[in-house]
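This report concerns only the one structure given below.
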Amino acid sequence: MAPNTATNPLPNIQHVVVLMMENRSFDNLLGWLYSGSGNQPPNNIPAQSPTTYAGLVANTYSNTTSDLGTLYAQNGTSAWQPDVPPTAVPNPDPGESFDQMTAQIINASGTADMSGFLANYESIAGATAGQVMQQYSTDQVPIISALARSFAVSDAWFASAPCQTWPNRGFVHTGSSDGHINNDDYEPYDIETIFNLLENQGISWAVYNDTFLPSLVRVMFPKLWLDSTHFLGMEDFYTACQASADADASQKLPTYTFLEPNFGYVGADESYHPPDDIGPAEEFLQKVYAALQGCAYRDDILFIVTFDEHGGCYDHVPPPTGSVAPIPGSVSRTEDFTFNRFGVRVPALVISSYVTPGTVFRAPGSVPYDHTTILATLRDWLGIDPSTFTATLPSPRITAAPTLAGVLTETTPQSWPSISPPRQVRRVSMTQAPINDLQMSLLVGAESRRRGAYIGHAEVARLRQQIKTRGDAAAWLANRQGQHVHAALEATQRGDTAEAQRLLAAVHR
């Protein structure tokens, strides 16, 4: 368990829970959280008077192309096609490669003015590209909005680099992307992780996932492939949340918990990843929160919600430069990029009994919050000697990162409000939807882990040719993984989540 001494920066916390979602910018989900005259946050960290919020303002932030003209960031999304509701915007999936992100952020003259989103998306979506300038209203995303207002939200938390899912998830688990700036055919990262460090220190941890395939954490890092203990399903998480306050530690949540949603192979995508409907993601977030809110030992829990990267969704704030290069991989493997600039802003919430409701927080110094903040916070909270920590996780990015110690300002526990599930969650079959890059990476990673070695670029290319849709992927997976996976597919399709979880227990482990 975490130390509880006078030097502990988070003395009341015994369990840290992190949920990382997918591919939304700060503006896309929370840009309109505090907007309009008199609608300012109650509290800023560091303190500001009057308080401020770096969100959107009507008729202020825009992008322009020769075909579409000037379009301003808009409060609320619209249905752009008969079969695409407002809650499934943008559709199709925006660009998220390093080169596409660079084009979104930096204009032709080399200025990072965030003017390239519309043009970049026009190259993908054509005449319907204007949807990238529409951002969700608070009414459209009631769960994440309610949590942001009830606890603490950062309006200056940036992805660790202007990169895809695997690199940014590499930063949250290791402090580095091992030199990758794209998903790079899903080459595993053969480096140490925070989970290896915790294991060596005798500190409990677990990764709970609601994905159909094994955990993304597990398939990314070969040093975790043989672990048969710490990778569990979400039903195990909900059970641990129901333990009594005086239960044995083995029945409660571990010291460090990392959560992964369903990424949408079979069943609804719960990660917010475009172009899927965001309703199931809101529903999943509410369910996780409700489990923690009803937990008998919730005052001991720090819950962090963030997103890996912006996924091509518009944001108006240029990412800071001057970021410290990581180790290993201080220079990109494929471009002349030294990781000297952060990625685009993403939503980040801090939920705890010791957070002042209605807080908007930023880093106290010149280095902004990014995903390595989580690692720096764990290091200080657990009281791990810096030399011991850097022996396993040597990245200077972690050393430079600000921690979350200053966000928990209350000295006595505050209440956690009840937040009802979202209404009218849209559930439609995505069997014929194109497989996205994250989903393909899970398939490749699972097959690599099954074989005990990376399957290689040539076989990845063959799979890309063979598997075009989510239905193709599910059929391929059922054929490769055996009858219990096929049965779990059928259980999921008929809505029997409990049975699917039971059948997939072997896959999770």
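List of remarks:
- Calculated SAXS-style log₁₀ I(q)/I(0) at q = 0.12, 0.14, 0.15, 0.23 Å⁻¹ - region 1-91, Debye, Cα scatterers: -0.66, -0.81, -0.87, -1.22
- Förster radius 56 Å - calculated FRET efficiency between residue 457 and residue 423 (Cβ-Cβ, nearest 0.05): 0.75
- Per residue of the chain, the DSSP helices (runs of n ≥ 4 H) give a summed -39500 (n - 2.57) that works out to -8500 deg cm²/dmol at 222 nm.
- Residue-wise HN-Hα coupling along region 459-475, computed from phi with Karplus coefficients 6.51, -1.76, 1.60 (Hz; x: Gly, Pro): 6, 4, 4, 5, 5, 4, 6, 7, 10, 10, 10, 5, x, 4, 5, 5, 5
- The length gained by stretching the chain between residue 190 and residue 109 to full extension, at 0.36 nm per residue less their Cα-Cα distance, is 25.4 nm.
- Between residue 245 and residue 47, the simple spin-label model (points 7 angstrom out along Cα→Cβ) gives 3.2 nm.
- Residue separation of residue 99 and residue 54 scaled by 0.36 nm, minus their Cα-Cα distance, works out to 13.6 nm of gained length.
- Beta bridges by DSSP in the chain, antiparallel share as percent, to the nearest 5: 35 percent
- Mean-position separation - Cα centroids, region 409-423 and region 254-281, in angstrom: 22 Å
- Span from the region 55-79 Cα centroid across to the region 122-146 one, whole angstrom: 10 Å
- The magnitude of the dipole of region 17-170, with charges of +1 and -1 set on the Cβ of Lys/Arg and Asp/Glu and taken from the Cα centre, is near 420 debye.
- Evaluated with a Cβ-only charge set (Lys, Arg +1; Asp, Glu -1), the chain carries a dipole of roughly 320 debye about its Cα centre, given to the nearest 20.
- Short to long, the 10 Å bins of the Cα pair-distance histogram for region 210-262 hold 21, 50, 24, 5 percent of all pairs.
- For residue 385 and residue 40, a Förster radius of 35 Å and the Cβ-Cβ distance give a FRET efficiency of 0.25, rounded to the nearest 0.05.
- Expressed in Å, the radius of gyration and Dmax of the Cα atoms of region 1-157 are 18.7, 62.
- Whole-Å distance, taken between Cα centres, linking region 176-200 and region 431-463: 17 Å
- Packing-based ranking, highest mean first, of 127-139, 161-173 given that Cβ atoms within 10 Å are counted: 161-173, 127-139
- Here the 3J(HN,Hα) profile of region 155-160, calculated from phi with Karplus coefficients 6.51, -1.76 and 1.60 at θ = phi - 60°, is 9, 8, 10, 10, 4, 5 Hz, Gly and Pro shown as x.
- Projected label distance in nm at residue 139 and residue 336, using a 7 Å step from Cα toward the beta-carbon: 5.2 nm
- Total charge dipole magnitude, region 125-239, about the Cα centre, Cβ charges on Lys, Arg, Asp, Glu only, Debye to nearest 20: 300 debye
- Residue-wise HN-Hα couplings along region 225-239, as the Karplus relation 6.51 cos²θ - 1.76 cosθ + 1.60 with θ = phi - 60° gives them from phi, are 4, 8, 5, 10, 10, 9, 10, 10, x, 5, 4, 5, 5, 5, 5 Hz; Gly and Pro carry x.
- This structure gives Rg and Dmax of the Cα atoms in Å, computed directly, and of (1) 24.3, 81; (2) 21.4, 65; (3) 61.6, 208 that value is listed as (2).
- Under 5 Å, built H, 5+ apart or other chain: amide partners of residue 260: 208, 209, 210
- The label point for residue 431 and the one for residue 479, both projected 7 Å from the Cα toward the Cβ, are 1.6 nm apart.
Readers should treat all values here as calculations from the given coordinates under stated rules, not as data from a laboratory. If you're wondering where the values come from, they're calculated on a predicted model, not measured in any experiment. Don't worry about glycine lacking a Cβ; one is built from the backbone with ideal geometry, like all the others, and counts go over all protein chains shown.
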